[in-house]
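Worksheet: one structure, shown below.
The values are calculated or read from the model by the stated rules, or taken from the named source; none is laboratory data. Keep in mind that what you see is a predicted model, and the values were worked out from it rather than measured. Cβ placement follows ideal geometry from the backbone for every residue including glycine, while neighbour counts extend to all protein chains displayed. Surface areas here come from the heavy atoms of the whole protein model, side chains and all, with no ligands, DNA or RNA. Shrake-Rupley method; radii C 1.70, N 1.55, O 1.52, S 1.80 Å.
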Amino acid sequence: MKTMRAVALVFLAAVLAASMAANWIAPASYARQFRDQPDAAPSAQHLLGTDDLGRDRFSRLLYGTRISLLLAPAAALMSTVLAGAIGGAAGFAGGWIEVCVMAGTDLFLSLPWLFLLITVRACLPLNVSPVVSVAITFVLLGCLGWAAAARVVCADVRSFRNSDFVLLARASGAGGARLLMRHLVPNLAPVLAAQFWISIPVFILTEANLGILGLGVAEPLPSWGSLLRELESFSGYSAQPWLFAPLLLLVLTVSSFQIVLHNEEVAG
Amino acid sequence: MKRWILCLGLIFATVSTRCAGAQPGSELRFCIPSDPRTWNPLLVEDDASETIRYLTGGVLVRLNRQTQQLEPELATAWKVSRAGNAISFTLRRNVRFSDGSAFTARDVAYTIAQLMDPALHSPTGDAFRAAPGKVITRIADPYQITILFPAPVVGLAKLFDQVAILSATSPEHERAVLGPYQLADYRGGSFVLLRRNPNYWKHDSAGRPLPYIQSVRLDIEQNRDIELLRLLRGEIDLIGSLSPESYDRLSAKAPGMAVDAGVSLDSEQMWFNQAPSAPIAEYKKAWFRSTNFRRAVSESIHRDDIIRIVFHGHARPAVSWISPANRAWFDSKLAPHAFDRSEALRLLAHDGFTLVNGVLHDRAGHAVEFSLVTNAGNTPRERMAAMIQQDLAAIGIRVHVVTLDFSSLIERITRSLNYEACLLGLVNDDLDPNAQMNVWLSSGENHQWNPGEKKPATAWEAEIDRLMRAQAASLDAKKRKQDVDRVQEIVWKQEPFIYLVDKDALMAVSPNLHNVSPVALRPQVYWNIDWLWLSNSGSRRP
């Protein structure tokens, strides 16, 4: 199991390093259209061929990986912080506050995410650069993805609140802030870490889904979502197996995250 | 002697084969994208209902999709009054509805009453509403009827191509039809089955009843890839409209099935928001209102690249608002705008724009950038937007491509006007320029670059208003053509819409389907459904 974890970590590190070094590794800009070579097969010039606009697929995969791998953890961090704050406060306060906050969380969970994202995305200003647009997409994901994690955090804090060590701290005269910072937050850390790791692949896949709907990252910036759109039409794959490269990378990366996470839980 | 016997045998075999095609039992199958929204032919708006109307509805006159001329159907003769506000029809005798009831002028009067009933809100009827007032029908005898409109209706006779005649007396209401087929079965989300109308009035020269094909099964299938797969498997016989990718895929696998019927009426275009009330910066509105700016953008877009890469060669550079497929109205003197970056930069320099370090700036020093919205999920349009983005980057203009879901896009371009530029297409079914009055009159709601102007914002818009009104009021075909040509010239020069490409009509037809003459106008493949026949349909997979 340790070997698997090591392999997964090395793979994630290699993918991250390659994407960070895209400026030097990529043979061309992700936006450059080689219009005389659209849909070209892999060659020495274009390792994964070109897309339908003649853009180098390998370069787009590198830059797309960078975007998805950097922004998905950022969105995961944001949603985890929100989940910790909202779930933690509800669990710590208990009583009617907890009931109200959890009812609000349930309501939030029942919202149709996809339509909500489409609506919010449609309301945003149009004249923003692709980089800002991708940042907005992931901020939205982060802001909307906290509810499930908040329930877990709330349940944990509730159990801590009634535990012996908190009772002892209270009996020793510890105030609310001290209880929270010295006793509850350190005990919540593993739960929050697990929620953070779980959220990363979820956000990567959500962005991919938005990309398939054409609502993710703006042209010409690539992301895994926009790269996966090439697989929308199911015909002709057997003749072009290299089209599966982004899908393969996504599956391997998400699997690696899961392996690392599973080992973290086992170790925990 | 043996040779004679052989020849006779061959002739017999040939005749048998042709007749076999016309034998009852053959079933034509193709797909429609959704369930029909209505069975009432007067309320048709969607493609599926339009297909049913075409196959079941009997009309007084029919536009021959190949010759683009009107032909008699249930009316053997017709005459439009000199004032253009009345039309008289002589009706065909001995015609019966599918339920057996006789067809007379009463049915036409009933249909017109229904069509023009404001409570019905018939989209077909809207085309006849030239002015407020009552439409009067005068029945001279059971086979002579005159319809009087409160004001002249331009292209009046052609509008009747869309009007399926209803029975005034049948208890079956709109299910009693005069067209070649009648509704036999319908399973929601699955299929619509049409059977030959036993009382259909047409016969071929040998006296055999038409249509040759016994039934038409319309399978409801949204997925275009599955539709293509089903065609290749032999489960369906035709696809009315193919994407360029599907066309190429089909050409590679079954070259005999793929048909490019040439340029269609459908175009792709972009435009800038020039509305004074639009919530965008004033300096940007000033760019968008500049003819030189619009022309520079137009001349910087490499239309040939778009055609080659996005449409795989199955499109033509667009010229103006009327496609060359519209033979009667297209102004053949006009040529597409050439790709010419140096000319574009010259036009921009003329307006005070300067290129500094690869970035275009206006006189006030603002870097030139704008957002281009289009509908999400439309791959060709997204590709076109990406190509326009790169083309304009070459003259220092930064374009932000934004894809929005369709309803958000429509809300922005029609209500909030909160957008800068838009890339969309126009699906056009009507050959007459009057169908686009709402686009070209400056007061029109679909005058997209500046909708609902109280008075024309520019001299050239005022001229378009004058010309469009003049041609709409004129019954002189030559004068109308002159006016419409002039409007095309103005649009070509001013480019309120930057026309990019006119798409080809791509379709697929099984080799088992005979007598097919694909055309660019809808319905491209089965417009002559009466005369189509099938061979080998018995070997089809269930």
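Annotations
- Taking the longest Cα principal axis of chain A as reference, the axis of helix A:185-212 is set at about 30 degrees.
- Global form of the range B:58-165, assessed from the alpha-carbon gyration tensor, a/c cut-off 1.5: rounded
- Surface composition of the range B:252-400: carbon and sulfur make up 53 percent of the accessible area, probe 1.4 Å.
- Accessible-area composition of chain A, carbon plus sulfur, in percent [1.4 Å probe]: 71
- Estimated vicinal HN-Hα couplings, Hz - the range B:348-361 in sequence order (Karplus 6.51, -1.76, 1.60; Gly, Pro = x): 5, 4, 4, 8, x, 7, 10, 9, 10, 6, x, 10, 7, 10
- Inter-site label distance for B:Arg93 and B:Thr291 at 7 Å from Cα along Cβ, in nm: 6.1
- Folded to 0 to 90 degrees: helix A:245-267 orientation relative to chain A principal axis, Cα: 20
- Zero-based 5 Å bins, Cα pair distances in the range B:103-151, whole percents: 5, 23, 30, 23, 14, 6
- Put a plus charge on the Cβ of each Lys and Arg, a minus charge on the Cβ of each Asp and Glu, and nothing anywhere else: the dipole of the range B:58-165 about its Cα centre is then about 260 debye.
- Cubic angstrom per residue, convex hull over Cα atoms of chain B: 179
- The mean of 1/r over all distinct Cα pairs in the range B:263-503, once inverted, gives the Kirkwood hydrodynamic radius of 18.2 Å.
- D_trans [Stokes-Einstein, Kirkwood Rh over alpha-carbon pairs] for the protein assembly as shown, 25 °C, 0.890 mPa s, µm² s⁻¹: 79
- Over the range A:42-83, volume per residue of the alpha carbon convex hull, in Å³: 63
- Size-normalised alpha-carbon gyration radius of the range A:151-231, reference 2.2 N^0.38 Å: 1.77
- Folded to 0 to 90 degrees: helix B:459-473 orientation relative to chain B principal axis, Cα: 20
- Maximal additional length on extending the B:Thr379-B:Ala206 stretch stands at 57.4 nm, based on 0.36 nm per residue less the C-alpha distance.
- Radius of gyration over Kirkwood radius for the range B:249-306, both on Cα atoms: the Rg/Rh ratio is 1.26.
- Whole-Å distance, taken between Cα centres, linking the range B:90-119 and the range B:404-437: 36
- About its Cα centre, the dipole of the range B:113-185 is roughly 320 debye, where the only charges are +1 on Lys and Arg Cβ and -1 on Asp and Glu Cβ.
- Label point distance in nm, B:Asp141-B:Leu355, each placed 7 Å from Cα along Cα→Cβ: 7.6
- Taken over the range A:29-165, the percentage of Cα pairs per 10 Å bin, counting from 0 up to the bin with the maximum distance, is 12, 26, 24, 18, 11, 7, 2, 0.
- Chain A pair-distance distribution - Cα-Cα, 10 Å bins, rounded %: 7, 25, 28, 21, 12, 5, 2, 0
- Protein accessible surface hidden between B and A, which excludes ligands and nucleic acids, total in Å², probe 1.4 Å: 2500
- Dimensions of the range A:91-173 along the principal axes, based on C-alpha atoms and rounded to the nearest Å, stand at 58, 25, 15, largest first.
- Overall, the protein assembly as shown carries a charge dipole of about 740 debye about its Cα centre when +1 sits on the Cβ of Lys and Arg and -1 on the Cβ of Asp and Glu, all other atoms neutral.
- Percent RCO, i.e. relative contact order, over the range B:58-165, from Cα pairs under 8 Å lying at least 6 residues apart: 34
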